[in-house]
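The structure appears below as structure tokens.
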Amino acid sequence: MAPYLVGVSLKMYFSHARTLAWCSAVAEVARAHPAVRDGAAELFVIPSYLSVTAAVDLLRGVAAVGAQDLAMEDEGAFTGEVSGAEIAEVGCRVVEVGHAERRRLFGETDAVVRAKTDAALRNGLAPVLCVGEAERGDPESVAQECVRQVDDALSSARAAGRNGHVIVAYEPLWAIGADSPAEPDYIRSVCAHLRRHLDSSPDFAGSRVIYGGSARPGLLGEIADDVDGLFLGRFAHRAESLEEVLDEVLSTRAALQAAGGR
Ligand SMILES: O=C(CO)COP(=O)(O)O
């Protein structure tokens, strides 16, 4: 059975000191947890840039670390930018691309997302490619729109003949920062469609689909058949919540195994 991927973005919520304390607490939880020890769960953590190298050290052996953004270029006169090359150099394995907040607040266009996805893959990083619809719709058309976003984001990398592992984070924009996630059936339907689509792309074999948008303890068991994991935000700010999610990975796998699924 493939491991569930449990990712956390800390966005810009924490100070450096709080990030270090959180990473230490998460490392302790993860080291002791059978879901991580036995490979049932795979963790990744995405702090802000300045905390990335400390997080790599604190989480070594228990969680991959990533950055929340990367430059389109690999080096040069680009003040304020951080290259995928440097992100990989300091030990990151993943990088977020095209998060809804970057699109909405910082003007990231589809062209930028294409270039950053290519930059991630060019540097051996797995892009955590964020896709999602602006408004709640019918799951079939939402899925088609998400597939369009994925294919658009991957198009430059494809044209350059790249392949690799992509983590598609399905995040309905209306569920980000909300009180509750999208309904389980809605999530399942969109994610199942996205998974079928990725499975038909041999150049990105092994790619996974995770759900984010007010994801929290209690959700995984409701959607587990059709997703490869969760992308958590606010509801992972307590290390205990992450522990609950890891508990659910074990109970969910046991239930699926008993039912002969996944
Ligand atoms: O955007 C998200 C993760 O990247 C989701 O954030 P929240 O879970 O805080 O809504």
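What to note about this one:
- All conditions in (1) under 16 Å from the mean Cα position of the chain (by Cα); (2) away from the ligand (no atom under 16 Å from the Cβ) hold for A169, with the sole exception of (2).
- Per-region count, the range 102-123, residues open to solvent by less than 50 Å² (accessible area, probe 1.4 Å) and in contact (Cβ under 8 Å) with a residue 24 or more places away in the chain: 10
- Residue in the range 89-99 that is assigned to a helix (DSSP H, G or I), of a type in the set (D, E, K, R) and crowded, with 21+ Cβ neighbours inside 10 Å present: no
- Restricting T117, T79 to those that are away from the ligand (no atom under 14 Å from the Cβ), of a type outside the set (A, V, I, L, M, F, W, C), assigned to a loop (DSSP other than H, G, I, E, B) and at negative phi reduces the list to T79.
- Any hit, the range 199-211, residues being more than 13 Å from the ligand (Cβ to nearest atom), of a type in the set (K, R) and either more than 19 Å from H165 (Cβ to Cβ) or open to solvent by 50 Å² or more (accessible area, probe 1.4 Å) (or both): no
- Selection from the range 128-147 of residues that are touching a strand residue (DSSP E or B) at 6+ places or on another chain (Cβ under 9 Å) and either surrounded by fewer than 20 Cβ atoms within 10 Å (Cβ to Cβ) or among the charged types (D, E, K, R) (or both): E145, V147
- Residue check for V29: surrounded by fewer than 23 Cβ atoms within 10 Å (Cβ to Cβ), within 18 Å of the chain's Cα centre (by Cα), away from the ligand (no atom under 16 Å from the Cβ) and farther than 21 Å from V168 by Cβ: no
- The set of residues in the range 13-58 being in a helix (DSSP H, G or I), within 19 Å of A126 (Cα to Cα) and not aliphatic (A, V, I, L, M) consists of Y49, T53.
- Search result, residues across the range 47-76 that are surrounded by fewer than 14 Cβ atoms within 10 Å (Cβ to Cβ) and farther than 13 Å from V90 by Cβ: G61, E75, G76
- Filtered residues of the range 221-262 (kept if hydroxyl-bearing (S, T, Y), free of Cβ contacts under 8 Å to residues at least 40 places away in the same chain and away from the ligand (no atom under 16 Å from the Cβ)): S251
Listed here are the residues, each with its yes/no results for (1) closer than 23 Å to V97 by Cβ; (2) crowded, with 21+ Cβ neighbours inside 10 Å; (3) modelled with pLDDT of 95 or more.
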{"position": "P181", "(1), (2), (3)": "yes, yes, yes"}
{"position": "L194", "(1), (2), (3)": "yes, yes, yes"}
{"position": "G213", "(1), (2), (3)": "yes, yes, yes"}
{"position": "L219", "(1), (2), (3)": "no, yes, yes"}
{"position": "S241", "(1), (2), (3)": "no, no, yes"}
{"position": "A255", "(1), (2), (3)": "no, no, no"}
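The values are calculated or read from the model by the stated rules, or taken from the named source; none is laboratory data. The structure presented is a predicted model; accordingly, all values stated were derived computationally and were not measured. Glycine also receives a Cβ, built like all others from the backbone with ideal geometry; neighbour counts cover every protein chain displayed. Please note that ligands, DNA and RNA were not included when accessible areas were found on the heavy atoms of the full protein model with its side chains. Shrake-Rupley method; radii C 1.70, N 1.55, O 1.52, S 1.80 Å.
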